[in-house]
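In what follows, a structure is listed as C-alpha cells, so that the remarks can point back to it.
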C-alpha cells in the first residue's frame, strides 16, 4: 500500500501511468518504451527517470514534466503535486528511488 505522500510511476503498453491519491493519470509514452527502471529525481512535478527502450541495450535518461499534463486535464497542478515527497516505480523488478 502506498504512503500518502508517495506517488507511483509505471508503463503500460504505449502509456506512462502516474498514480497518486486515488488518481490514475495515463499519457502517451514513446512507442519503444519497455519500462522505467529507476526514478532519479523528483522536483515538484518534474521527473528524471531511467528508461529501457527496445532499440537500445542500455538504459537512457528520460525527463517527464507533469505540470502541463495536469493542467491540460484541468488539475490544479500546484495543489495536486504539493503533498508528493517521493515517486517510486510500480514494477517490483525495478530499483526504487526518488526525491
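Inter-label distance, residue 15 to residue 75: 1.4 nm, where each label sits 7 Å from its Cα along the C-beta direction. In this calculation the C-beta distance from residue 58 to residue 23 is compared with R0 = 30 Å, giving a FRET efficiency of 0.40. Which of these, 86, 52, 78, has the largest mean-square fluctuation under a Gaussian network model of the chain (Cα springs below 10 Å)? Judging by the Gaussian network model, the answer is 78.
Over the chain, the hull volume per residue, using the convex hull of the C-alpha atoms, is 91 Å³. Here the relative contact order of segment 6-89, from alpha carbon pairs under 8 Å that lie six or more residues apart, stands at 28 percent.
For the chain, the mean residue ellipticity at 222 nm estimated from helices alone is -2500 deg cm²/dmol, where every DSSP H run of n ≥ 4 contributes -39500 (n - 2.57) and the total is divided by all residues, rounded to the nearest 500.
Computed from the coordinates by the stated procedures, all read-outs in this text should not be read as laboratory data. What you are looking at is a predicted structure, and each value in this text was computed from that prediction instead of being measured. No Cβ is skipped: glycine too gets one built from the backbone with ideal geometry, and neighbour counts run over all protein chains shown.
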